[in-house]
């Protein structure tokens, strides 16, 4: 064991971090929100970690257990609640500026404008 805390999840909000922490603890994995006070008092996204609000555990062994549980949970949620087709994305690269872009699946086969450089790009068929 490393003896150092290990981040197992990056949450978008303190509420999400609290939910993940509570769920892990229900599964028997002690977890905590790293830098909770900072996360709660700094509403400006640029001052928070670029990765989000971190949910951590005490060591590598606990982290492995937590990651397995979280991955299993994510697969179960995806199986029970598949994303609507409109929420699925197609990734493509702009030939003009090399920006990697995502468009809704409903855009497949169409022509869109690159938001970075303004050039037209063809969205591939799926």
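The values are calculated or read from the model by the stated rules, or taken from the named source; none is laboratory data. Quick caveat: nothing in here was measured; it's all calculated off a predicted structure. Backbone-built Cβ (ideal geometry, glycine too); neighbour counts: all protein chains shown.
Consider residue 4 carefully, then state whether it is more than 19 Å from residue 71 (Cα to Cα), at pLDDT below 85 and outside any loop (DSSP other than H, G, I, E, B). Talk me through it step by step, then tell me what you get.
Details: more than 19 Å from residue 71 (Cα to Cα): yes; at pLDDT below 85: yes; outside any loop (DSSP other than H, G, I, E, B): no.
So residue 4 does not fit the description; no.
Can you report the number of residues in segment 85-119 which are under 18 Å from the mean Cα position of the chain (by Cα) and outside any strand (DSSP E or B)?
2
Yes/no per residue for (1) assigned to a helix (DSSP H, G or I); (2) under 17 Å from residue 71 (Cα atoms); (3) at pLDDT 90 or above:
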{"position": "19", "(1), (2), (3)": "yes, yes, yes"}
{"position": "22", "(1), (2), (3)": "yes, yes, yes"}
{"position": "28", "(1), (2), (3)": "no, yes, yes"}
{"position": "39", "(1), (2), (3)": "yes, no, no"}
{"position": "50", "(1), (2), (3)": "no, no, no"}
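Pairs under 8 Å by beta carbon, first residue in the same structural domain as residue 106 (by TED's automatic domain parsing) and at pLDDT 85 or above in segment 71-93, partner loosely packed, with under 10 Cβ neighbours inside 10 Å and assigned to a helix (DSSP H, G or I), six or more apart or different chains?
none
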